[in-house]
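In what follows, a structure is listed as C-alpha cells, so that the remarks can point back to it.
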C-alpha cells in the first residue's frame with residue numbers, strides 16, 4: 001500500500017491493508033543516527049504515544065515488525081477517558097461516529113435478568129461512557145492521524161532484534177527485509193505487546209497469575225434487532241455452567257465471548273462448524289430464532305493478570321501490554337495502555353525540551369505501576385467471580401446472583417467485569433497535598449472531569465477541550481480559575497506573578513459554568529492546576545505565587 005486514504009475517500013478495508021516497507025537513509029549512515037525518541041510497536045498504544053509526542057513538537061521514530069493492522073476485532077471497548085485522550089490527539093470524533101455508543105449493561109442468571117446498570121447516569125459529558133469499535137478501526141484512524149504529522153517517521157517491517165544501553169543513549173539493532181542496521185535513541189518506548197521482544201532482549205519478564213480456563217471469542221455478522229447494550233449471562237440454559245458475553249460492534253458485527261473450561265480443545269472450538277451451534281442456541285434463547293448470521297474472526301484464549309516489576313529500565317520505558325496484562329473482563333487492557341501513553345508523552349517531551357530532569361520519567365513508572373496494580377486487582381476479582389475455582393466459591397457466587405434480583409446490596413458484590421475507569425493517582429510524588437478543604441472526587445491525582453462551558457463569546461463548548469493546547473513549545477500546565485469578582489482577580493494575579501508558563505482557563509459564574517463548579521467543588525477564586533495529561537496536581541481556594549511555583553516545580557520533579 002502506498003499510503004493511507006484521506007478521511008473523505010471511499011471506505012477503507014482496514015483488515016486488508018498492507019503497508020510498504022521503505023528503505024530509510026538511516027540504513028546507509030556510517031554511524032547510527034540518533035533520534036530523541038524511538039517507539040517500538042504501532043498498535044493503539046504506540047500510535048497514541050507517537051502522535052502525542054509529535055503534537056508536542058518531539059520528533060519520533062515509530063517501528064513495527066509487521067506491515068498490517070490488527071487481525072480480528074480484538075480490543076473493542078474504548079472508555080470515556082480514552083476517547084477524551086483521543087480527542088486531544090485529533091481522532092476521537094471519527095471513532096465515536098463509527099463506533100457503537102453504549103452505557104447500559106444487563107446481567108442475567110440462568111434465563112432471568114437480575115439487574116441492569118447505567119455507566120453514565122448523569123448528563124454533561126461530551127463523550128459516551130463507552131464505544132464498541134473493532135481494534136483495526138482504532139489503529140487505522142490513529143495511523144491516518146500519524147501520517148498527517150511530519151514529525152512521525154513510521155517504519156514498517158522493522159523489528160528490534162538487539163539493544164544496548166549506556167549513560168547517553170540506547171542503541172537498537174533493527175532487522176528489515178534488506179538486512180540489519182543500527183539506530184540510536186535518547187529514549188525507547190516499548191509498546192510491542194504481550195510478547196514484547198524488548199522485554200525479552202532486556203531479560204525481563206511479567207509475573208502474576210495465569211487462569212486455568214479458556215474462552216472463545218467470535219465476531220458474528222448478523223442483522224439482529226437487539227438493543228445496544230452489554231449483556232452478560234451466568235449459567236444460561238443455552239450454555240450451562242459457563243458464562244457468555246454479548247456486545248454490538250460497528251458494521252452489524254457482534255462480539256460473543258463463550259467460557260469453555262480448561263479442558264476445551266482450542267483448535268476444535270474455533271472451527272466455524274463448532275461455533276455456529278453455540279451462536280444459534282444463544283439467538284434462539286433470546287427470541288431471534290430466524291436470524292441469519294455468519295462467523296467472521298474467532299479465537300480461543302487463556303488469559304493472565306500480570307505485570308513487569310518495573311516499567312522503566314534505563315532509557316527503555318514499557319507501556320501497554322508489554323508492561324502489564326489483564327483479563328478482558330472490564331475492558332482494562334487497551335484503555336489502560338492508552339492511559340500509559342497519555343502519562344508518558346508529556347514527560348518525555350518535558351525532558352527532551354529541557355523543562356524537566358530525567359527523574360520525571362521515574363514518576364511515569366511509579367504512577368503507571370500503581371495503575372496496573374489497580375487494574376490487575378479489579379480484573380482478578382472479576383475473573384474469580386466469573387470462573388469460580390471451587391464448589392464453595394460457586395455456591396457463594398450463585399447465592400449473590402439470586403439475592404441481587406431483589407436486594408441492591410447484593411448487586412455491589414456481582415462482578416461481571418468492573419468496567420475501566422482512569423486511576424486516581426493519589427500517592428503520586430508529583431501531587432501537592434491540599435491545604436484547603438474540598439469535597440468530591442477531583443482530588444490531586446484524579447483525571448479532570450468534563451463539563452459544558454461557554455467561551456468568551458457565549459458559545460457552547462467543553463471543559464476538557466479548553467485545556468493544554470497541543471504543539472506548545474514548552475510544557476504547559478493548565479490553571480482552571482473559577483468565578484468572577486475580586487477573589488478570582490486575586491487568583492489570576494497570583495498566577496501571573498508565579499512566572500510559570502501556564503495556560504489559564506477562566507470559568508465564569510453563569511449557567512454554563514455551574515455544573516463545572518459543582519463537579520470541582522469550586523467557588524469564586526478557586527484554582528485547579530492540571531498537568532498536561534489533564535490530571536489534577538494541585539488546588540487552592542486562594543493561591544499564592546509561591547504556592548503555584550512550588551506546585552509546578554514539584555509536578556516536573558524539580559523539587
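The values are calculated or read from the model by the stated rules, or taken from the named source; none is laboratory data. In this text the structure is predicted, and so the values were computed from the model without any measurement. Neighbour counts run over all protein chains shown; Cβ positions are idealised from the backbone, glycine included.
A few points about this structure:
- Residue satisfying all of: in the stretch 404-432; over 25 Å from residue 340 (Cβ atoms) and free of Cβ contacts under 8 Å to residues at least 60 places away in the same chain; surrounded by the most Cβ atoms within 10 Å (Cβ to Cβ) among these: 410
- Scope the stretch 116-141; condition part of a loop (DSSP other than H, G, I, E, B) and under 18 Å from residue 256 (Cβ atoms); matching residues: 133, 134
- So residue 439, is it at pLDDT 95 or above and either within 25 Å of residue 125 (Cβ to Cβ) or in contact with a strand residue (DSSP E or B) (Cβ under 8 Å, 6 or more places away or on another chain) (or both): yes
- Condition check for residue 356: out of contact with any strand residue (DSSP E or B) (no Cβ under 7 Å at 6 or more places or on another chain) and crowded, with 20+ Cβ neighbours inside 10 Å: yes
- Selection from the stretch 231-264 of residues that are in contact (Cβ under 8 Å) with a residue 40 or more places away in the chain, more than 23 Å from residue 304 (Cβ to Cβ) and either more than 29 Å from the chain's Cα centre (by Cα) or not in a helix (DSSP H, G or I) (or both): 231, 233, 235, 236, 237, 238, 239, 248, 249, 253
So that you can scan it fast, the table gives a plain yes or no per residue for (1) surrounded by 24 or more Cβ atoms within 10 Å (Cβ to Cβ); (2) outside the structural domain of residue 41 (by TED's automatic domain parsing); (3) modelled with pLDDT under 95:
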site: 291; (1), (2), (3): no, yes, yes
site: 296; (1), (2), (3): no, yes, yes
site: 313; (1), (2), (3): no, no, no
site: 322; (1), (2), (3): yes, no, no
site: 327; (1), (2), (3): yes, no, yes
site: 339; (1), (2), (3): yes, no, no
site: 344; (1), (2), (3): yes, no, no
site: 349; (1), (2), (3): yes, no, no
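- Only one of the numbered conditions (1) at pLDDT 95 or above; (2) closer than 17 Å to residue 129 by Cβ; (3) touching a strand residue (DSSP E or B) at 6+ places or on another chain (Cβ under 7 Å) is violated by residue 82, and that is (3).
- Just so you know, in the stretch 373-392 the residues that are out of contact with any helix residue (DSSP H, G or I) (no Cβ under 6 Å at 6 or more places or on another chain) and not in a helix (DSSP H, G or I) include one that is modelled with the lowest pLDDT, and it is 389.
- Residue 220 meets the conditions (1) surrounded by fewer than 16 Cβ atoms within 10 Å (Cβ to Cβ); (2) touching a residue at least 40 places away in the same chain (Cβ under 8 Å) in every case but one. The failed one is (1).
- All of (1) without any contact (Cβ under 8 Å) to a residue 12 or more places away in the chain; (2) in a loop (DSSP other than H, G, I, E, B); (3) within 30 Å of residue 32 (Cβ to Cβ) hold for residue 192 with one exception: (1).
- Given (1) at pLDDT below 95; (2) under 24 Å from residue 105 (Cα atoms), index of the condition residue 270 fails: (2)
- Once the stretch 195-220 is narrowed to residues that are within 15 Å of residue 65 (Cα to Cα) and part of a loop (DSSP other than H, G, I, E, B), the residue that is modelled with the highest pLDDT is 196.
- Qualifying residue in the stretch 265-279 (condition: under 30 Å from the mean Cα position of the chain (by Cα), surrounded by fewer than 17 Cβ atoms within 10 Å (Cβ to Cβ) and more than 26 Å from residue 103 (Cβ to Cβ)): yes
- Residues that are out of contact with any helix residue (DSSP H, G or I) (no Cβ under 7 Å at 6 or more places or on another chain) and buried (at least 19 other Cβ atoms within 10 Å of the Cβ), drawn from the stretch 224-234: 230, 231, 232, 233
- Set 368, 397: member being crowded, with 17+ Cβ neighbours inside 10 Å, assigned to a helix (DSSP H, G or I) and touching a residue at least 60 places away in the same chain (Cβ under 8 Å): 397
- Of residues in the stretch 199-214 being over 16 Å from residue 305 (Cα atoms) and out of contact with any helix residue (DSSP H, G or I) (no Cβ under 7 Å at 6 or more places or on another chain), the one surrounded by the most Cβ atoms within 10 Å (Cβ to Cβ): 204
- A single entry from 144, 164 fulfils the requirement of being free of Cβ contacts under 8 Å to residues at least 12 places away in the same chain, within 27 Å of residue 33 (Cβ to Cβ), assigned by TED's automatic domain parsing to the domain that holds residue 197 and not in a loop (DSSP other than H, G, I, E, B): 164.
- Screening the stretch 476-539 for strands (runs of 3 or more DSSP E) wholly inside it with 3 or more residues that are modelled with pLDDT of 95 or more and surrounded by fewer than 16 Cβ atoms within 10 Å (Cβ to Cβ) returns no ranges.
- Any hit, the stretch 101-115, residues being without any contact (Cβ under 8 Å) to a residue 40 or more places away in the chain, assigned to a helix (DSSP H, G or I) and surrounded by fewer than 21 Cβ atoms within 10 Å (Cβ to Cβ): no
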